[in-house]
Amino acid sequence: MKSWIDIPKNHDFSIYNIPFGVFYTNNLKSTARVGAALGDNVIDLSSLFKLGYLTHIAGLKAEHFDNNKLNEFLSLGNKICNNVRYAIQELFSDLNSKLKKHPEHLETILIPTHSVKMLLPIQVNDYVDFYSSLDHATNVGKMFRDEKNPLLPNWKHIPIGYHGRSSSIIVSGTNFKRPKGQMCLADSNSPVFGSTKQLDFELEMAFITNKKSEMGEMISPDQTSDYIFGLALFNDWSARDIQRWEYVPLGPFLGKSFASSLSPWIVSLEALAPFALPSQDKDVTELEYLQCKKNGLFDIQLEIYLQSDKMSEPFLISSTNYKYMYWNLFQQLAHMTSNGSPVSVGDVYASGTISGPLPNSFGSMLELAWKGTKPITLPDGSTRSFIEDGDTILFKGFAIKGDVRIGFGELSAKVLPC
């Protein structure tokens, strides 16, 4: 499949992809609306619909695209949302000249990416963060518990998770101040209040739900794909010293809730289907309600970059893959609903830190610098055990098979002084 639009080779937003997001232009009269990404362009879906190119899809209305959030569009369900994606692919395919013959339409439909401002793509109704990477959980267990028995007894039986604060989820490019909190220093038994000294990132993927369930309804792993539209990059920022002091006995609180970053484009599971993989072999049998026949892992390459104020470009500090997850996204959602907890359109479910088996594939600074004992040296000559003021953390994610590339763009944020 090729497009008559010029799309650079290895671009994240190929014609095979067509992710959805929300944008507005630099025009002062512009209002936020729903768009799709294709190469270095944003497709204005409101204009595309009003010009008659999507009206053949039953159930679509103008208000689904004249909106500053994706929730109403996603609530139409996977069939209609994917039909919009197919229609866009057909319109921009080099085998179709229907839209190409109308340059006056293209002037309003196609907008250069550099002319738009991306917004948080959804109204986040609820947010859950999981802890589902075996390598990450093992690393943390070795650091803080027992090196020979790093996992707690429940870890291979249950997708561990907690409810986070949805109001502090921010879109890529939104910088934030270093958080303050209560912590207990290593040489003391009494807490102090101040800015975190151990600010960290967590490389994660997040899936977005687009179907409502009722309270008391339990969804099986093989049914959950009907409730999930797609994936985005996610950074669950963490203040390790604040978290370490507060988390017993109830778990993460202020050490996590100050900021979590979400990438602006949501890539559909339909687009990612060619990269789906079966679950890894496990030495512990899952309970029946968690057993999943669907391929719920995805071969998505992930990269972490760090750029200080003194550096001219980002520096790659880790490369890993979403396929290393122990619990897949279908099992995560099934477990979340197993007690009858309802799902809403626009819920965000983060994977938990994604780490691979090698030291250069870890998904947090806590692991990469191994609790501060192995600082990372940057091109500007400085070292890092944790994130400093002025540092920008950038995530990239993409899947490749032959000539097909499906990417997520970039997720970034800069840490400002408190």
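Order the following by accessible area, largest value first: 236, 66, 281. Probe radius 1.4 Å; ligands, DNA and RNA are ignored.
Details: 236 0, 66 70, 281 145 Å².
The residues order as 281, 66, 236, largest area first.
Which one, 357, 338, 193, is farthest towards the positive end of the dipole of the chain when Lys and Arg carry +1 and Asp and Glu -1 on their Cβ?
After comparing all options, I get 193.
Through the Karplus equation 6.51 cos²θ - 1.76 cosθ + 1.60, θ set to phi - 60°, convert the phi angles of region 275-283 into ³J(HN,Hα) values in whole Hz; use x for Gly and Pro.
Result, rounded to whole Hz: 10, 6, 10, x, 5, 6, 5, 10, 8.
Based on Cβ point charges of +1 for Lys and Arg and -1 for Asp and Glu, what charge dipole magnitude is obtained for region 107-193 about its Cα centre, in debye rounded to the nearest 20? Don't skip to the answer; put the middle values down first.
On the way: 9 positive and 7 negative charges, 43 e Å.
Computed charge dipole of region 107-193: roughly 200 debye.
Tell me, what ³J(HN,Hα) does each residue in region 121-133 have, in order and in whole Hz, if you take phi through Karplus 6.51 cos²θ - 1.76 cosθ + 1.60 with θ = phi - 60° and put x for Gly and Pro?
x, 9, 7, 6, 7, 8, 9, 10, 10, 9, 9, 10, 9
Under the rule of at least 5 residues apart or a separate chain, name every residue whose amide H is placed under 5 Å from the amide H of residue 391.
It is 415, by chain and number.
Given 1, 398, 173, which one lies farthest toward the positive end of the charge dipole of the chain, if we put +1 on the Cβ of every Lys and Arg and -1 on the Cβ of every Asp and Glu?
So the residue we want is 173.
Excluding residue 156 itself, calculate the net charge of residues whose Cβ lies under 13 Å from the Cβ of residue 156, where each Lys or Arg counts +1 and each Asp or Glu counts -1. Mind showing how you got there, number by number?
Details: positive: 282; negative: 281, 283, 286.
Local charge sum for residue 156: -2.
When the dipole is taken about the Cα centre of the chain, and only Lys, Arg (+1) and Asp, Glu (-1) are charged at their Cβ, what size is it in debye, to the nearest 20? Intermediate values should be presented prior to the final figure.
Numbers: 39 positive and 44 negative charges, 69 e Å.
So the dipole magnitude of the chain works out to roughly 320 debye.
What is the packing order of peptides 380-386, 270-276, 202-208, 188-194, taking the mean over residues of other C-beta atoms within 10 Å and listing the highest first? Mind showing how you got there, number by number?
Working: 380-386: 14.7, 270-276: 16.7, 202-208: 26.3, 188-194: 9.9.
In descending order of packing, they fall as 202-208, 270-276, 380-386, 188-194.
In percent, what relative contact order does region 1-125 have, based on Cα pairs under 8 Å that are 6 or more apart in sequence?
Details: 195 pairs, mean separation 40.5, N = 125.
Once normalised by length, the contact order is 32 percent.
Give the Rg/Rh ratio for the chain, taking Rg as the radius of gyration of the Cα atoms and Rh as the Kirkwood radius, to two decimals. Walk me through the numbers on the way to the answer.
Values: Rg = 21.7 Å, Rh = 22.3 Å.
Ratio of gyration radius to Kirkwood radius: 0.97.
Decide, for region 245-285, between rounded, prolate and oblate: order the square roots of the alpha carbon gyration tensor eigenvalues as a ≥ b ≥ c, take rounded if a/c falls under 1.5, and otherwise choose prolate if a/b is larger than b/c, else oblate. Before the final figure, lay out each step's value.
On the way: a/c = 5.75, a/b = 1.38, b/c = 4.15.
Taking the square roots of the gyration eigenvalues as a ≥ b ≥ c, region 245-285 is oblate.
Build a GNM of the chain with springs between Cα atoms under 10 Å: which of 120, 302, 51 gets the top mean-square fluctuation?
Taking springs between Cα atoms under 10 Å, the residue moving most is 51.
Using Cα-Cα distances under 8 Å and only pairs 6 or more residues apart, what relative contact order does region 65-125 have, in percent? Spell out each step's value before the answer.
Details: 23 pairs, mean separation 28.6, N = 61.
Over region 65-125, the number comes to 47 percent.
In percent, how large is the relative contact order of the chain, given Cα pairs closer than 8 Å and 6 or more residues apart? List each step's numbers first, then the result.
Values: 985 pairs, mean separation 86.9, N = 418.
Computed over the chain, the figure is 21 percent.
Report the gain in length on full extension from residue 114 to residue 316: 0.36 nm times residue separation, minus Cα-Cα distance, nm rounded to one decimal.
On the way: separation 202, 0.36 × 202 = 72.72 nm, distance 2.42 nm.
Extending this stretch completely gives an extra 70.3 nm.
Testing the spin-label approximation: label points 7 Å from Cα along Cα→Cβ at residue 156 and residue 2. State their distance in nm.
Rounded to a tenth, the inter-label distance reads 5.1 nm.
Explain nothing, just compute: Karplus ³J(HN,Hα) = 6.51 cos²θ - 1.76 cosθ + 1.60, θ = phi - 60°, for every residue of region 245-258 in order, whole Hz, x for Gly and Pro.
7, 9, 6, 8, x, 9, x, x, 9, 6, x, 10, 7, 6
Once amide H atoms are built 1.01 Å from N in the peptide plane, which residues 5 or more positions from residue 348, or in another chain, come under 5 Å H to H?
Residues meeting the criterion, in which the H sits 1.01 Å from N, are 125, 126, 127, 128.
Among 213, 58, 321, whose Cα projects farthest towards the positive end of the dipole of the chain, with charges put on the beta-carbon of Lys, Arg (+1) and Asp, Glu (-1)?
Result: 58, furthest along the dipole toward the positive end.
The values are calculated or read from the model by the stated rules, or taken from the named source; none is laboratory data. Everything numeric in this text was worked out from a predicted model, so none of it was measured. Glycine gets a Cβ as well: all are built from the backbone with ideal geometry, and neighbour counts include every protein chain shown. Ligands, DNA and RNA are excluded from the accessible area calculation, which covers all protein heavy atoms including side chains. Shrake-Rupley method; radii C 1.70, N 1.55, O 1.52, S 1.80 Å.
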